[in-house]
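Report on the following structure.
The values are calculated or read from the model by the stated rules, or taken from the named source; none is laboratory data. Predicted model, so just to flag it, every value in this text is computed and none were measured. Heads up, the Cβs are rebuilt from the backbone with ideal geometry, glycines too, and the neighbour counts pull from every protein chain shown. The protein model used for the area step is the full one, side chains on, heavy atoms only, and it has no ligands, DNA or RNA in it. Shrake-Rupley method; radii C 1.70, N 1.55, O 1.52, S 1.80 Å.
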Amino acid sequence: MGNVEATPTIEGPEDFDAERDCNRLDSAMDGCGTNERAIIRIITRRTQIQRQAIKVLFEELHGEPLVDRLKGELSGDFEEAVVALLDLRAVHDARALRKAMAGPGTNDEILIEILCTRSNENLNKIRLAYAEVFDRSLADDVRDDTSGDFKHLLMALVLGERDELFDVDEDAAQEDAQNIFDAGEGRWFGTDEDEFTKVLATRGYLQLRMIFNKYADIAGNSFEDAIGSETSGNLHDAYMAIVAMVNDHLGYYAQKLHSAMRGVGTDEDALTRHIIGRCEIDLGAIKDRYEEMYGKDLYQDVEDECSNDYKRLLLNIIHDNDD
């Protein structure tokens, strides 16, 4: 993703006290009614590591897993968002992937959003979490639930074989760009998707930027144009997700958040996935990119589209730009 500056919206207090937080959470769920605002204040103002410490200590102090207690008190999108915050990121991704492949049909969009955007290290953590939580192989499930060139791409990504060194080889970029052109737009008939997949699934992001530039010089049009003319369906969407992550990963997430709130209804799963997934990485910069792209404030859009405790939780994570 190139030069990624950390702009988290959750950083956690320096005077973190896990026991104090556990007791406050217990009090918020004790007796008649639940103090959802107290839960929000604690859960959205602690880092992932601090939340894990709270989970472990809560069970020791109060004899019941924190997540089970919360599930008994909360419901709906609010419950799912709170539980997501209490998962490690890799576990949350693993749960989303399993949900996307369980039952009839497969949610290709979720597979693309996760498998096409994570680093080798994160993909390895997701594979391990998937095996631990579900006692299943992520690679086997992806292989069984997808097909064709889309399956070949996702399998290459699941294995985590992308070169993540910061070295850039101009001659190799020229060769890859020429090979892709010859496999697609420069070919009289058909497309060799394997050449696209080999490059997009294994080359580093800085190397891919150079390949895209070399391709434009060769073809006279952008790499995105080539994907648009040579591929379709879920393979097209997966390729485009990788290109977007290479060229403008902040714009990729801004677009995903905007799409979740556009049209009739709101995709709460997507909002939860992206806001919680990026809140300790670069959500601050994504907010700025969102406003650049759409002329609107992410905080305000979420306030307009969501409601009740779920809205309050997301807004506590996002923070108003005027704060």
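Filtering ILE286, ILE218 for residues that are of a type in the set (A, V, I, L, M), open to solvent by less than 20 Å² (accessible area, probe 1.4 Å) and either assigned to a helix (DSSP H, G or I) or over 27 Å from ALA84 (Cα atoms) (or both) leaves a single hit, ILE286.
Among the residues making up region 150-165, those that are in a helix (DSSP H, G or I) and crowded, with 19+ Cβ neighbours inside 10 Å are PHE150, LEU153, LEU154, LEU157, VAL158.
One residue stands out in region 88-99 among those that are within 14 Å of the chain's Cα centre (by Cα) and among the charged types (D, E, K, R): the one that is surrounded by the fewest Cβ atoms within 10 Å (Cβ to Cβ), namely ARG95. When region 166-203 is filtered for residues that are outside any helix (DSSP H, G or I), within 19 Å of ASN221 (Cα to Cα) and in contact (Cβ under 8 Å) with a residue 24 or more places away in the chain, the ones remaining, listed by number, are GLY184, GLU185, GLY186, THR191. Note on region 15-62: enclosed helices (runs of 4 or more DSSP H) holding 3 or more residues that are open to solvent by 80 Å² or more (accessible area, probe 1.4 Å) are 18-28, 48-62. Do we find a residue being closer than 15 Å to THR117 by Cβ, in contact (Cβ under 8 Å) with a residue 40 or more places away in the chain and touching a helix residue (DSSP H, G or I) at 6+ places or on another chain (Cβ under 8 Å) anywhere in region 257-266? Yes, there is a match, as at least one residue in region 257-266 is closer than 15 Å to THR117 by Cβ, in contact (Cβ under 8 Å) with a residue 40 or more places away in the chain and touching a helix residue (DSSP H, G or I) at 6+ places or on another chain (Cβ under 8 Å).
Are any of the residues in region 297-320 without any contact (Cβ under 8 Å) to a residue 24 or more places away in the chain, part of a loop (DSSP other than H, G, I, E, B) and over 26 Å from ILE42 (Cβ atoms)? There is no residue in region 297-320 that is without any contact (Cβ under 8 Å) to a residue 24 or more places away in the chain, part of a loop (DSSP other than H, G, I, E, B) and over 26 Å from ILE42 (Cβ atoms).
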